[in-house]
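> After the structure tokens below, expect a handful of questions from me.
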Amino acid sequence: MAAVVTVQNLRKRYRRRDPWAVDGVTFDLQPGQAFGLLGPNGAGKTSVVKMIAGLVRPDSGSITLFGTEPGNPVARKDLGFSPEDPDFPKFLRASEVLDYFASLLGLDGAERKRRIPETLAFAGLDTEHRQIRQYSKGMKQRLGIAQAILGRPKLLVLDEPTADLDPIGRRDVRALIERLKESGVAILLNSHLLSEVERVCDTVAILARGRVLKEGTMAEVVPEGSNLEDVFVQLVEANQPQRDHLPSFISDATP
Amino acid sequence: MNGSGAVARYTLVELSRRRILLVFFIVGAVGIIALGIGLKVLYQVASSNPRGFGNGAVDPATFDHFLELLFVSYLFQALAVFALLIAYAIGMTAIYHDLDSGAAVSIFSKPVSRLAFATGKVGAAVVGLIAIVGLLALEARLVMFLFGGGLENALTGQLIAVMANAIVVMLIVLSLSTWINNILAAVVTFIYFNVITGIITTLHLVADAGVIGNTAVRNVFDVLYWLVPHQLVSSAVRDLAQAEIQMSGGVQSNQALASVPAPSGPGDIAWWVFTVFVFAALVYYAVRRRQV
């Protein structure tokens, strides 16, 4: 089966003097596979997914998205991308944002009429008539996920999809991922919530300072009797300078 | 082009909901009505004076015509100022806010090319500008009925020139705001279009009038003149000046008219078209290069 996305030896840095944000990342993703990209803050996870979505250009390496490069709009037709900290044109309403994006996806009028109310209902925004500028972060996150699934994608990239969601929203997203996986959609999940990744992902890659520290199926990465969080902490701490966990003015303070 | 229509449509929806544009429009609309009614009231008060105007030296019809010229003259200035304000407001917001807020991340991940996005944005910005300034001009045309006829065509010509100049300003701000902060983009555009270009155009005009004798210096200004956008000028400005000079006795009219810019010729219009293409291409280039 042809890979949905193939990433090979990807490298990216934002300024010449900066360290590599992404340094030699390689992986591929098959239909129906859920791939978790893990790493501490600044590990390069968002840079990787932005390059896959054609938003950021790699300095070297290659990405193949549905057989072509992500800069080609055709490649993004089957891509659903929910960005970290999503935002939208602030004077539009949720239904207008979805109609706008449905037009960009090339959905016809009848399909738009069917999908938009259902997607809004899924996101819990069907009764919301305010403009986006009045939305909370959680509401924007819901809309971010809604617009990502609107085109019925074959690859769904979720960058911290549940960071601002309430527990019910998180449960809905988990159910969504599982349902999409069953129907053959490939999922690329960036998340700090390791329990969530452990639940829904088949394979994971742990990144730190732009490099893949460990990659494999969940069983390969997490030994029996351990859990993903322990593996993650051990790996990441072994690959970054030691630091005191508390500032001295806190740890030295006498009660 | 796939998606440019949707980008244009929803950019126009956004522009129609932006308060700053509404404020500029309302201030402009109220200003034009106030100007027209104010001058008309002035005429009524003056004509009720049995001694007439200027100790009887000017008849009421001439004074009425003078007021009309005055109104049209102020109107041209008001339209130019509001068109520029609206051009700056649209230029500063149409693309910048999508990039700054992160909305562009969701938009660019959809199957829309950067060319379609830039085309939709520029199209919406131009349509928005024409609609708002057009409405102000329509109102101005209605207010002109207070003064009788005669200068309506002048308004049309001047309106086209004002819009053409505003479009260039808007495109410069649009392209710069894709690279840099939108306030900085507006400041740089103001310095480039209103200060540097203004100085070069004025010096070129002075050189053309023969005030600068040195051929080398004249040639330098000739070259500089063709390196900056040309502000288009309609024949209305000169017609208006001529009418005002004639009314005041027509003394040394040729000398006085020399300082009034001549109407733009085909060369200037062709240069404007070229400039618009260059700046629109710059908007596309900036959008294409932009990583979000």
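The values are calculated or read from the model by the stated rules, or taken from the named source; none is laboratory data. From a predicted model like this one, the values you see are computed outputs, not experimental measurements. Cβ placement follows ideal geometry from the backbone for every residue including glycine, while neighbour counts extend to all protein chains displayed.
> Test residue A:74 against the stated conditions and say whether it is among the aliphatic types (A, V, I, L, M) and crowded, with 22+ Cβ neighbours inside 10 Å.
no
> Moving on to the next point. Confirm whether residue A:140 is within 19 Å of the chain's Cα centre (by Cα) and more than 9 Å from chain B (Cβ to nearest Cβ). Full working, then the answer.
Working: within 19 Å of the chain's Cα centre (by Cα): yes; more than 9 Å from chain B (Cβ to nearest Cβ): yes.
Considered against the rule, which asks whether it is within 19 Å of the chain's Cα centre (by Cα) and more than 9 Å from chain B (Cβ to nearest Cβ), residue A:140 comes out as yes.
> Ok, one more. Give me a count of the residues in the stretch A:92-124 that are in contact (Cβ under 8 Å) with a residue 40 or more places away in the chain, over 11 Å from residue A:151 (Cβ atoms) and of a type in the set (A, V, I, L, M, F, W, C).
To start, the set of residues in the stretch A:92-124 that are in contact (Cβ under 8 Å) with a residue 40 or more places away in the chain comprises A:92, A:94, A:97-98, A:101-102, A:105, A:107, A:122, A:124.
Narrowing the set further to residues that are over 11 Å from residue A:151 (Cβ atoms) leaves A:92, A:94, A:97, A:122, A:124.
Keeping just the survivors that are of a type in the set (A, V, I, L, M, F, W, C) gives A:92, A:94, A:97, A:122.
The total comes to 4.
> Okay, moving on. Given the structure, is residue B:178 of a type in the set (S, T, N, Q), in a helix (DSSP H, G or I) and without any contact (Cβ under 8 Å) to a residue 40 or more places away in the chain? Give the steps one after another, and end with the answer.
On the way: of a type in the set (S, T, N, Q): yes; in a helix (DSSP H, G or I): yes; without any contact (Cβ under 8 Å) to a residue 40 or more places away in the chain: no.
Considered against the rule, which asks whether it is of a type in the set (S, T, N, Q), in a helix (DSSP H, G or I) and without any contact (Cβ under 8 Å) to a residue 40 or more places away in the chain, residue B:178 comes out as no.
> Would you mind listing the helices (runs of 4 or more DSSP H) fully within the stretch B:220-292 where at least 1 residues are at pLDDT 75 or above, crowded, with 16+ Cβ neighbours inside 10 Å and aliphatic (A, V, I, L, M)? Break it down stepwise before answering.
Values: elements: B:235-247, B:253-258, B:266-289.
Correct list: B:235-247, B:266-289.
> For residue A:138, state whether it is closer than 20 Å to residue B:101 by Cβ, outside the structural domain of residue A:29 (by TED's automatic domain parsing) and not hydrophobic (A, V, I, L, M, F, W, C).
Working: closer than 20 Å to residue B:101 by Cβ: yes; outside the structural domain of residue A:29 (by TED's automatic domain parsing): yes; not hydrophobic (A, V, I, L, M, F, W, C): yes.
Considered against the rule, which asks whether it is closer than 20 Å to residue B:101 by Cβ, outside the structural domain of residue A:29 (by TED's automatic domain parsing) and not hydrophobic (A, V, I, L, M, F, W, C), residue A:138 comes out as yes.
> For the stretch A:128-139, give me each residue that is part of a helix (DSSP H, G or I) and surrounded by fewer than 18 Cβ atoms within 10 Å (Cβ to Cβ). Step through it out loud before you land on a result.
In the first step, residues of the stretch A:128-139 are kept if they are part of a helix (DSSP H, G or I); the result is A:132-134, A:137-139.
A:133, A:134, A:137, A:138, listed by residue number.
> Have a look at B:131, B:207, B:216 and point out the one that is exposed (fewer than 13 other Cβ atoms within 10 Å of the Cβ), small (Gly, Ala, Ser) and free of Cβ contacts under 8 Å to residues at least 60 places away in the same chain. Show your work before the answer.
Working: B:131 fails: exposed (fewer than 13 other Cβ atoms within 10 Å of the Cβ); B:207 fails: exposed (fewer than 13 other Cβ atoms within 10 Å of the Cβ).
After ruling out the rest, the residue left standing is B:216.
> Related question: Does residue A:41 satisfy the criteria of being within 14 Å of chain B (Cβ to nearest Cβ), surrounded by fewer than 19 Cβ atoms within 10 Å (Cβ to Cβ) and not β-branched (Val, Ile, Thr)? Walk me through how you get there before you give the answer.
Working: within 14 Å of chain B (Cβ to nearest Cβ): no; surrounded by fewer than 19 Cβ atoms within 10 Å (Cβ to Cβ): yes; not β-branched (Val, Ile, Thr): yes.
When the stated conditions are applied, residue A:41 does not pass them.
> Taking residue A:121 as meeting all but one of (1) more than 14 Å from chain B (Cβ to nearest Cβ); (2) buried (at least 19 other Cβ atoms within 10 Å of the Cβ), write down the number of the exception.
So the condition that residue A:121 fails would be (2).
> Could you please find all residues in the stretch B:92-119 being crowded, with 22+ Cβ neighbours inside 10 Å, outside any helix (DSSP H, G or I) and facing chain A (nearest Cβ under 10 Å)?
Answer for the stretch B:92-119, where residues must be crowded, with 22+ Cβ neighbours inside 10 Å, outside any helix (DSSP H, G or I) and facing chain A (nearest Cβ under 10 Å): B:109, B:110, B:112.
> With the condition kept exactly as written, say whether any residue in the stretch A:127-134 is closer than 25 Å to residue A:46 by Cβ and more than 14 Å from chain B (Cβ to nearest Cβ). Quick ask: steps written out before the conclusion?
Within the stretch A:127-134, the subset closer than 25 Å to residue A:46 by Cβ is A:132-133.
If we keep only those that are more than 14 Å from chain B (Cβ to nearest Cβ) too, we end up with none.
The answer is no; no qualifying residue exists.
> Could I ask something else about it? Quick one: how many residues across the stretch B:134-182 are surrounded by 15 or more Cβ atoms within 10 Å (Cβ to Cβ), aliphatic (A, V, I, L, M) and closer than 24 Å to residue B:268 by Cβ?
Adding up the residues that qualify gives 19.
So that you can scan it fast, the table gives a plain yes or no per residue for (1) part of a loop (DSSP other than H, G, I, E, B); (2) in the same structural domain as residue A:130 (by TED's automatic domain parsing):
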site: A:2; (1), (2): yes, no
site: A:11; (1), (2): no, no
site: A:17; (1), (2): yes, no
site: A:25; (1), (2): no, no
site: A:42; (1), (2): yes, no
site: A:55; (1), (2): yes, no
site: A:62; (1), (2): no, no
site: A:96; (1), (2): no, yes
site: A:103; (1), (2): no, yes
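> So is residue A:96 within 26 Å of residue B:5 (Cβ to Cβ), among the acidic types (Asp, Glu), surrounded by fewer than 21 Cβ atoms within 10 Å (Cβ to Cβ) and in contact with a helix residue (DSSP H, G or I) (Cβ under 8 Å, 6 or more places away or on another chain) or not?
Details: within 26 Å of residue B:5 (Cβ to Cβ): yes; among the acidic types (Asp, Glu): yes; surrounded by fewer than 21 Cβ atoms within 10 Å (Cβ to Cβ): yes; in contact with a helix residue (DSSP H, G or I) (Cβ under 8 Å, 6 or more places away or on another chain): yes.
So residue A:96 passes the test.
> Return a yes/no flag: does the stretch A:71-91 have any residue that is within 8 Å of chain B (Cβ to nearest Cβ), touching a residue at least 24 places away in the same chain (Cβ under 8 Å) and assigned to a strand (DSSP E or B).
Taking every residue of the stretch A:71-91 in turn, at least one turns out to be within 8 Å of chain B (Cβ to nearest Cβ), touching a residue at least 24 places away in the same chain (Cβ under 8 Å) and assigned to a strand (DSSP E or B).
> Still on this structure, I have one more. Tell me, yes or no, whether the stretch A:165-178 has at least one residue that is in contact with a strand residue (DSSP E or B) (Cβ under 6 Å, 6 or more places away or on another chain) and assigned by TED's automatic domain parsing to the domain that holds residue A:4. I'd like the intermediate steps shown before the answer.
Our first condition is that a residue be in contact with a strand residue (DSSP E or B) (Cβ under 6 Å, 6 or more places away or on another chain); within the stretch A:165-178, this holds for A:177.
Subset that is assigned by TED's automatic domain parsing to the domain that holds residue A:4: A:177.
Yes, the stretch A:165-178 has at least one match.
> With in contact (Cβ under 8 Å) with a residue 40 or more places away in the chain and out of contact with any Cys (no Cβ under 7 Å at 6 or more places or on another chain) as the only criterion, which of A:180, A:158 stands out?
On the way: A:180 fails: in contact (Cβ under 8 Å) with a residue 40 or more places away in the chain.
After applying the criteria, what remains is A:158.
> Restricting attention to the stretch A:50-70, which residues are more than 8 Å from chain B (Cβ to nearest Cβ) and surrounded by fewer than 17 Cβ atoms within 10 Å (Cβ to Cβ)?
Within the stretch A:50-70, A:59, A:60, A:62, A:67, A:68, A:69 meet the criteria.
> Now a separate question. Against the definition (within 22 Å of the chain's Cα centre (by Cα), touching a residue at least 24 places away in the same chain (Cβ under 8 Å), under 30 Å from residue A:72 (Cβ atoms) and away from chain A (no Cβ under 14 Å)), how does residue B:122 come out, yes or no?
Details: within 22 Å of the chain's Cα centre (by Cα): yes; touching a residue at least 24 places away in the same chain (Cβ under 8 Å): yes; under 30 Å from residue A:72 (Cβ atoms): yes; away from chain A (no Cβ under 14 Å): yes.
Yes; evaluated as a whole, the condition is true for this residue.
> Against the definition (farther than 16 Å from residue B:102 by Cβ, out of contact with any strand residue (DSSP E or B) (no Cβ under 8 Å at 6 or more places or on another chain), outside the structural domain of residue A:32 (by TED's automatic domain parsing) and not in a helix (DSSP H, G or I)), how does residue A:125 come out, yes or no? Don't jump to the end; show me each part of the working.
Working: farther than 16 Å from residue B:102 by Cβ: yes; out of contact with any strand residue (DSSP E or B) (no Cβ under 8 Å at 6 or more places or on another chain): yes; outside the structural domain of residue A:32 (by TED's automatic domain parsing): yes; not in a helix (DSSP H, G or I): yes.
Judged against the criteria, residue A:125 is a match.
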